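Enquirer: Here it is, the structure, as structure tokens.
The values are calculated or read from the model by the stated rules, or taken from the named source; none is laboratory data. Just so you know, these numbers come straight off a predicted model, no measurement behind them. Note that we place each Cβ from the backbone using ideal geometry, even for glycine, and neighbour counts take in every protein chain shown. Keep in mind that these areas ignore ligands, DNA and RNA; they rest on the heavy atoms of the full protein, side chains included. Shrake-Rupley method; radii C 1.70, N 1.55, O 1.52, S 1.80 Å.
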Amino acid sequence: MDVVGLHQAGVVNAVATMGTALTEEHCAELKPLTRRAITVFDPDRAGKDAWHRSVHLFLAAGFFAKDLSLPEGQDPDEFIQKEGAEKFYQLCAAAPRQVTKLLKEVAQRGPLSESDVSATLTELTPLLLASRRLPDRAVLWDDISLVLGVSIASLTEIAESASKRTGPQNPAPPPKSPSAPKKAAALLNRIDLQFFTACVESPALFLASGRHSWEGGVSDATIKDWLLQLSAAESPLSFREKLGQLVHEGANPELAAAASAGLFEDPPVKASTSAFEALLDRMKQRQKENEIRALSTQVKLTARMGDVEEQQKLLSRLQELRSQ
């Protein structure tokens, strides 16, 4: 019905896949007709997943497709009835490339842990494979390198390894991403563990602090996962019950040992308010530093996109954050 509505309004170069499963065959049919494509999927999770899956399909067919998200979560039929064909075409012209939009989403997550980088590289392997021989590959791979902090040589190795297997549908696992120096990594883990221990010792202070004050500052993925689950507790008592479940289910002995102090001491060990607040301030500072790094990466991406308005917004936010 979206395509019917678009055609009735005068947008006659619209087609539908009769669902969200775009395939290589669809791209092969489109290729003789045009080299310019704009995806306009539904504004729900299924639609988002669909355009994510379509990026490497278009690249493999020689398209640098764009993706358009209509305002206020509208679908094309609803939008065209309210705004008309001219406004729709204006939005299409201003829509970002799919690959740039995808990398911007990754950049908005903030600095990634080593495991996050490895998982993201696995997601992007079909894209690397599909873009290996495109004329604009260098720019695209530079952007991926910028966002993930991975060298071009590593990206080349991943693509070559994947090409020797069955193809982008079954890519080879990427090599382990470059890690930070051991001393720096140990320092980050130690700080995360100290904060976790303080939270276990003072659940009331932790629950009162709110996840917004520490979530972006915790680097270790396992510690963050445990803290996020614990932050949903409604009281210190339910916090301890949930902590007991995590200790029983968890496979991380270091975390389990730290958690046990808050479970089995009677009376429970309590961190002083000042000690907890000092560690919480450290998390807030790291969260701010992470946000600054993420915004800096987004500024570079928008500069490459030529999106001056978005770049100015990000620069303004970056300046505001640095001045706090």
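Enquirer: Just the residues that are more than 26 Å from the chain's Cα centre (by Cα), modelled with pLDDT of 90 or more and not in a helix (DSSP H, G or I), please, taken from the range 193-232.
Expert: Across the range 193-232, there are no qualifying residues.
Enquirer: Moving on to the next point. Which pairs do you get when a residue that is of a type in the set (A, V, I, L, M, F, W, C), found in the range 24-39, comes within reach of a residue that is open to solvent by 100 Å² or more (accessible area, probe 1.4 Å), reach meaning Cβ atoms under 8 angstrom, with the pair 6+ apart or on two chains?
Expert: What qualifies is Leu30/Val15.
Enquirer: Looking for something part of a helix (DSSP H, G or I), on the phi > 0 side of the Ramachandran plot, surrounded by fewer than 18 Cβ atoms within 10 Å (Cβ to Cβ) and of a type in the set (Asp, Glu) - is there at least one such residue anywhere in the range 68-81?
Expert: Here is the first cut: in the range 68-81, the residues part of a helix (DSSP H, G or I) are 71-73, 76-81.
This time we only want the ones that are on the phi > 0 side of the Ramachandran plot, so: 72-73.
If we keep only those that are surrounded by fewer than 18 Cβ atoms within 10 Å (Cβ to Cβ) too, we end up with 72-73.
Applying the additional criterion that residues be of a type in the set (Asp, Glu) yields 72.
Yes, the range 68-81 has at least one match.
Enquirer: Taking the range 38-56, which residues are open to solvent by 20 Å² or more (accessible area, probe 1.4 Å) and of a type outside the set (Phe, Trp, Tyr)?
Expert: Ile38, Val40, Asp42, Pro43, Asp44, Arg45, Ala46, Lys48, Asp49, His52, Arg53, His56
Enquirer: Does Pro135 satisfy being open to solvent by 40 Å² or more (accessible area, probe 1.4 Å), part of a loop (DSSP other than H, G, I, E, B) and closer than 22 Å to Thr156 by Cβ?
Expert: yes
Enquirer: Which number in (1) open to solvent by less than 60 Å² (accessible area, probe 1.4 Å); (2) aromatic (Phe, Trp, Tyr); (3) out of contact with any strand residue (DSSP E or B) (no Cβ under 6 Å at 6 or more places or on another chain) marks the one condition that Tyr89 misses?
Expert: (1)
Enquirer: Also, quick follow-up: Go over the candidates Val4, Val11, Val15 one by one and state the one that is in a helix (DSSP H, G or I) and at pLDDT 90 or above.
Expert: Val4
Enquirer: I've got another one for you. Of all residues in the range 251-301, count the ones that are β-branched (Val, Ile, Thr) and either at pLDDT below 75 or not in a helix (DSSP H, G or I) (or both).
Expert: Going through the range 251-301 one residue at a time, the tally reaches 1.
Enquirer: If we keep just the residues of the range 233-250 that are small (Gly, Ala, Ser) and modelled with pLDDT of 80 or more, which is nearest to Gly210 (Cα to Cα)?
Expert: Per the stated criteria, the residue is Ala233.
Enquirer: What pairs can you find where one residue is in the range 54-79 and without any contact (Cβ under 8 Å) to a residue 40 or more places away in the chain, the other is of a type in the set (Lys, Arg), and their Cβ atoms are less than 6 Å apart, with a gap of 6+ or different chains?
Expert: Matching pairs, first to second residue: Ala61/Lys31; Lys66/Arg97; Asp67/Lys101.
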